[in-house]
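The values are calculated or read from the model by the stated rules, or taken from the named source; none is laboratory data. A quick note: this is a predicted structure, and the numbers were derived from the prediction, not measured. A quick note on method: Cβ atoms are made from the backbone with ideal geometry, for glycine too, and the neighbour counts reach across all protein chains shown. When the accessible area is computed, the model is the full protein with side chains, heavy atoms only, and any ligands, DNA or RNA have been set aside. Shrake-Rupley method; radii C 1.70, N 1.55, O 1.52, S 1.80 Å.
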Amino acid sequence: MSQDWGHFDEDLERARVAWLYFIGGQTQQEIAQRMDITRLKVNKIIGQVRESGSVQVHVSLPLTDCIELAEKVSARYGLAGTVVVPDLDDYLEQKRVIGEAAGSLASELIEGRDMGVGIGSGRTLSFAVRSLRARPKSESWVVGLTGGVTSGSATNTFEVATAFARALGVECHYLTAPIYCANPESRNAILLNDELTDVLARTEIADIGIVSCGALTQDTSLTQIRVVKDNLDAVLKGGAVGEFMGWFLDARGQPIDHFLNDSIIALPPDKMKLKPISVLVSGGIRKIPIIRAVLRAGYVNRLVTNEGVARALLQGPR
């Protein structure tokens, strides 16, 4: 038995080294320091993996501990599926690997089907397009699930939705309005536009929603919007732990009582809950409260995240 466990540990070590090197973009020295092994051993493992054919476009060796974490998170929150990727020290690289994992998952869910695909915004989702290889039926379409922001163009819902539509080879529909209006009255006035209400209807009937969420820190494109920046303190005092498709949610996943939630142009969270397939793509320690809130409320049925977040989700009350 001990001999079998020895082989298991060796396989896990090889898988982690291969993943960190070929997918995570880590240097051999960084891997050696992270895993507390010699650089010579890292070099040897990389050579063995190359020769064995285990590395193609992706690393085909299973990261068993990540799979185990994924299964436990799915069981705890009643999810149809979870994908967990290893932790990386680099913030942007972490977003990249989470996003690319989400793109691979989305490809499996979309391939060969006739469906409407709803897309959120954010840098993590912008990386998902890199690994999107699906070919849905020609009648399929993409729709942006939120209005737009005035900065962070590469991560704006318009750009992310456009990139998804191009990768899938289908048409794209946009909520051509700001994500937040000045007040509820302004929102109601904008929604008198029939074309915009038609697109909003599409956000509801889309078969799949692929979205992210965000912490309420000063360095996000959302919190740089003037109306949000001016009201951020009040939003936090109102109990918000983060935002989900632009909606400010409390720890239970319920929208807080604030005029921004009454002035938003975006798919409501309870409508996301009704979709056959809904995927939250988000990671990073500072997002744990909002990720937990979204899962508690049952807004999504699938999750793509990193190890640190997965472990945190398994601790404490559900």
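Give region 190-208 a look and list any residue that's open to solvent by less than 70 Å² (accessible area, probe 1.4 Å) and farther than 15 Å from Gly147 by Cα, or say none. Steps first, answer last, please.
Residues of region 190-208 that are open to solvent by less than 70 Å² (accessible area, probe 1.4 Å), as a first pass: 190-191, 196-197, 199-203, 206-208.
Those that are open to solvent by less than 70 Å² (accessible area, probe 1.4 Å) and farther than 15 Å from Gly147 by Cα: Ala206, Asp207, Ile208.
I want to confirm something. Restricting to region 197-244 and keeping residues that are assigned to a helix (DSSP H, G or I) and among the polar types (S, T, N, Q), which single residue is nearest to Pro269 (Cα to Cα)? I'd like the intermediate steps shown before the answer.
First pass over region 197-244, keeping only residues assigned to a helix (DSSP H, G or I): 197-205, 226-237.
Filter once more, keeping what is among the polar types (S, T, N, Q): 197, 203, 231.
Numbers: Thr197: 17, Thr203: 11, Asn231: 21 Å.
Out of the qualifying residues, it is Thr203.
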For this session: Within region 289-311, track down each residue that is of a type in the set (S, T, N, Q) and touching a Ser or Thr at 6+ places or on another chain (Cβ under 7 Å).
Result: Asn301, Thr305
For this session: Return yes when Ala182 is open to solvent by 60 Å² or more (accessible area, probe 1.4 Å) and in contact (Cβ under 8 Å) with a residue 60 or more places away in the chain and no when it is not.
Result: yes
Exercise. Mind checking which residues of region 77-92 are touching a helix residue (DSSP H, G or I) at 6+ places or on another chain (Cβ under 7 Å) and open to solvent by 40 Å² or more (accessible area, probe 1.4 Å)?
Worked result: Val83, Asp87
Exercise. Take the residues of region 215-230 that are farther than 15 Å from Gly148 by Cα, open to solvent by 30 Å² or more (accessible area, probe 1.4 Å) and of a type outside the set (Asp, Glu): which is farthest from the chain's Cα centre (by Cα)?
Worked result: Lys229
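To keep it simple, each residue is scored yes or no on (1) part of a helix (DSSP H, G or I); (2) modelled with pLDDT of 95 or more; (3) in contact with a strand residue (DSSP E or B) (Cβ under 6 Å, 6 or more places away or on another chain); (4) under 29 Å from Glu139 (Cβ atoms).
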residue	(1), (2), (3), (4)
Glu71	yes, no, no, no
Arg76	yes, yes, no, no
Asp87	no, no, yes, no
Glu93	yes, no, no, no
Val97	yes, no, yes, no
Glu100	yes, no, no, yes
Ser104	yes, no, no, yes
Gly112	no, no, no, yes
Val117	no, yes, yes, yes
For this session: Kindly check whether there is at least one residue in region 28-42 that is at pLDDT below 90 and under 21 Å from Ser282 (Cα atoms).
Result: no
